[in-house]
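The values are calculated or read from the model by the stated rules, or taken from the named source; none is laboratory data. Not measured: the values here are computed from a predicted model. Please note: Cβ atoms are built from the backbone with ideal geometry, for glycine as well, and neighbour counts cover all protein chains shown. SASA here: full protein model, heavy atoms, side chains in, ligands and nucleic acids out. Shrake-Rupley method; radii C 1.70, N 1.55, O 1.52, S 1.80 Å.
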Amino acid sequence: MATLQKLRNAGPLLLIFVGLALLAFIAGDALRIFQSPQGSQSVGSINGEEISAVDFQQMYEEQSNVYKYMRNSSTLSEAELNNIKDRVWNSYLQYQVVKAEADKIGLTVTAAELRDIVKKGEDPIFRQFPIFNNEQGKFDYDVVSNMLATYEENKNNPTYMQFYECWKFMEKNIMQNALIQKYYALLSNSFISNPVAAKYAYESSTNTYDVELKVYPYSAIADSTVKVSDADLNKTYDAIKESYREMYESRDIKYVSYKVTPSAADRADLKNELSAYADSLRAGDEDYATIARLSNSEVPYSTLAWSKEAYPEEVQLQLEKAKENEVVGPFYNQSDDSYTVYKYIGKETVADSILYRTLFVTSENAERTAALTDSLLNVLNKKGADFKQIATDMGQAQSDSMWLTSPMYEGFPMVGDNLAYAKALLNGKKGTYEVLALESGNSNIIYQVIDKKNPETKYHAFVIKRTSEFSKETYSDAYNKFSQFVASCNTADDLDKNAEEYGYRVSPTQEIYNWAYGVGNISGTRDAIRWTFRDAEEGNVSPLYECGNSDNLLVVALNKINEKGYTSKEKLAGITRTKSINAKKAQKIMAEIKGKNFDELSSIAAVKTDSVKRISFAAPAYINKTSTNESAISAAVTKLQPGEVSAPIEGVAGVYVIKLIAKNAKDGEFNAANEEASLKTTGKNFANQFFMRDLVEKANIEDNRYLYF
């Protein structure tokens, strides 16, 4: 119950120092569900079963809220949110395709099995949720049991419900992972071996081979001397197309992006603005909080002294030599395109780390709170009073003490109760119990500073720092120019023709998928993705998009629609032609060397001699003369005896003839049982690597998330 009590009773002021975030599960940053032109509310389908956009958003919100809770944060970055969307989709997809197969054979996870998994606490997901751990850092089933037993009496407690929802999320994932692992175990255990395969695998992995070889490189024959027909190209395409099969439809696009930046006039205006604030500071204006607010300074103002490292780097370099009340700036920082003004106020010696403990005292009114506070102080000041026991009796189970360190308050805009609390701890006397009255009037904090460590010099400085921003006029000029460029482009080809004239660069991107969250790593470009997949035809040019952080202009052109299935002959034309030409060259080479023994091959000018040692079947042989890995040689050498010469081998970079010089066997004896077990493990790993891909491929997945999210 200690964890539950900690969640119920943690005071809001302790968030910064204790790290217990009391976050409401709200959808303030939730995604909107957009109505598609067809009126459908489906984000996709699996095995013909549609997934509603509402259901998907609920799963997304559930996971993002849990993630916020575990991160002790009320917000997530765009990248984190996108990552969560993908994880929700992928985990749901994997579970559904496995469940469809499991249902066919009656494979399930029972409630008893789930309880057994939870009691053992060995599932990897437990490591992601330390709130359920005991003091030894291991999952504590009693915490969960107590929580579930008190559900009815606590279901209206928001903090408790966050804890409860976190558990339900974890429980669901445990069940789904258990079914996937159960299906995988059934599949992987179907792999068997036999003594013959074991013997061959053993020899292939332990034997190595030293060879001398003759190579006739394809590069020795000019491509112009080789003729390939359409039939040759089609034959090669059919041979390689399986390696270029796409599970999903994609698009080839090209785009032009322009990032608007501040002009010289914009920077001059910013410098003049900060100069006015600098003059005000020099004139004696000490209303730093107001100046920080009016100037929109990127460095928060605090009355607390900060370590040198907490200030911007350009200020750090000058603090130690600054004079009291000296105002410096504005000066330009090229590294981040900013201007800075600072006033040095003074310095003091402050402990970097403070060990303290607290009691949070509250009641229905100020009088009752004051009386309770006095009573507790009397008890605590008695010799031998057990602080931890008193805290437990008050329902505030916690460790005896905690640390306040500089990074917890430096660099933050500390105000109100948090500022008062930090000052009280920083200035508190060791060993004395003291009281901090909170602004609410009905709450107090009794605190004791136990120890102070690492005294260091800290600085009081008021800093105004502003990054240069473009003005409305600068943006308008850039927009008008880019708009003219877009208007001049009626087809995809026009983008290439006109970009140079306007001073822009065209960026091609092949095989972009509809689940991409943007174009060219530019934020806020989901509308461009929707246009690309929903509205565009080959050769079309998009409207102008304003994106990024309201600082980017973008236009996209659709070059090609790549249907799912085999990659087209057109896209593989270069590979197909090269392989077809090399195959023809191999025929010519083999005809030329026919009838010649190993030594006679050296009489051919194009033939090169090389030697390779320690070739094994487990890895392709690397040939120095052609700078190529040749798997065919690794396979062929295992069939030779010392002194034996191979037939011509058609390789990647040429035709080879190899002569085995030595066969090297490693020390050790063949153990059939061990080798068979190793082969079975290899089979299991193979199944683990490919079974999910194959299930997904045959599940007829339709992914329309891009229409909504």
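Full extension of the chain between Ile125 and Ala385 gives 89.5 nm of extra length, using 0.36 nm per residue less the Cα-Cα distance.
With the cut-off at under 18 Å, measuring from each backbone N in the range 660-681 to a point 7 Å along the Cα-to-Cβ line of Ser190 picks out 680-681. Please name whichever of Ser476, Gln641, Gly431 sits farthest to the positive end of the charge dipole of the chain, dipole taken about the Cα centre and charges placed at Cβ: Lys and Arg +1, Asp and Glu -1. In the chain, that residue is Gln641. Computed on the chain, with alpha-carbon pairs under 8 angstrom and 6+ residues apart, the relative contact order is 24 percent.
Distance between the 7 Å Cα→Cβ label points at Asp599 and Asn146: 8.8 nm.
With all protein chains present, how much of the accessible area of the range 667-709 (probe radius 1.4 Å) comes from carbon and sulfur, to the nearest whole percent?
On the way: 1110 of 2570 Å².
The C+S portion of the solvent-accessible surface of the range 667-709 is 43 percent.
Nonpolar atom fraction for the range 517-652, defined as the carbon and sulfur part of the 1.4 Å probe accessible area, stands at 47 percent. By accessible area, using a 1.4 Å probe on protein heavy atoms only, the range 269-390 has 45% of its surface on carbon and sulfur.
Take the Cα of Leu640, go 7 Å toward its beta carbon, and the backbone nitrogen atoms of the range 206-224 under 14 Å from that spot belong to 208-216. Each of Gln484 and Thr578 was given a label point 7 Å from its Cα along the Cα-to-Cβ line. The distance between the two points is 4.3 nm. A probe of 1.4 angstrom, applied to the heavy atoms of all protein chains, finds Phe412 with accessible area near 100 square angstrom.
If you sort Arg466, Arg71 by accessible surface, 1.4 Å probe, largest first, the order is Arg71, Arg466. Highest-first packing order for the peptide set 606-619, 338-351 is 338-351, 606-619, based on the mean count of other beta carbon atoms within 10 Å.
If you scale each eigenvalue of the Cα gyration tensor by 5 and take the root, what three semi-axes come out for the range 226-298, rounded to whole angstrom and sorted largest first?
Details: eigenvalues 942, 54, 15 Å².
In descending order, the three semi-axes are 69, 16, 9 Å.
Taken about its Cα centre, the range 103-202 carries a charge dipole of roughly 500 debye when the Cβ of each Lys and Arg holds +1 and the Cβ of each Asp and Glu holds -1.
One compactness figure for the chain is 1.33, namely its Cα radius of gyration divided by 2.2 N^0.38 Å. Note on Glu501/Asp352: beta-carbon distance plugged into 1/(1 + (r/R0)^6) with R0 of 56 Å gives a FRET efficiency of 0.40. Cα centroids of the range 366-393 and the range 436-502: how far apart, whole angstrom? What the calculation gives is 47 Å, centre to centre.
Solvent-accessible area per residue in the chain equals 53 Å², computed with a 1.4 angstrom probe and all protein chains kept. Calculated FRET efficiency, Glu563 to Asn83, Cβ-Cβ distance, R0 = 25 Å: about 0.30 to the nearest 0.05. Please report the relative contact order for the range 541-688, taking Cα pairs under 8 Å with a sequence separation of at least 6, and give it as a percent rounded to a whole number. Relative CO of the range 541-688 lands at 12 percent. Where only DSSP H runs of four or more residues are counted, the chain gives -13000 deg cm²/dmol as its mean residue ellipticity at 222 nm, each run worth -39500 (n - 2.57). Per-residue extension of 0.36 nm, minus the Cα-Cα distance of Glu511 and Asn442, leaves a gain of 18.6 nm for this segment.
The Ala632 and Asn671 beta-carbon pair, evaluated with R₀ = 30 Å, returns a calculated FRET efficiency of approximately 0.50.
Let me know the shape class of the range 70-183, please: from the alpha-carbon gyration tensor, a ≥ b ≥ c as square roots of the eigenvalues, rounded when a/c is under 1.5, otherwise prolate if a/b is greater than b/c, or oblate. It is oblate, given that a/c is not under 1.5 and a/b is not larger than b/c. Dividing the Cα radius of gyration of the range 503-662 by its Kirkwood radius returns 1.24 for Rg/Rh.
Of all aspartates and glutamates in the structure, the ones whose alpha carbon falls short of 14 Å from that of Lys625, not counting any fewer than 8 places away in one chain, are Glu212, Asp610. Taking label points 7 Å from Cα along the Cα-to-Cβ direction, Thr303 and Glu273 give a separation of 2.8 nm. For the range 377-492, the orientation-averaged shadow of the C-alpha convex hull comes to 15.8 nm² (one quarter of the hull surface).
The slack between Leu319 and Ala371, meaning 0.36 nm per residue of separation minus the straight C-alpha distance, is 14.0 nm.
Dividing the C-alpha radius of gyration of the range 431-493 by 2.2 N^0.38 Å, with N its residue count, gives 2.76.
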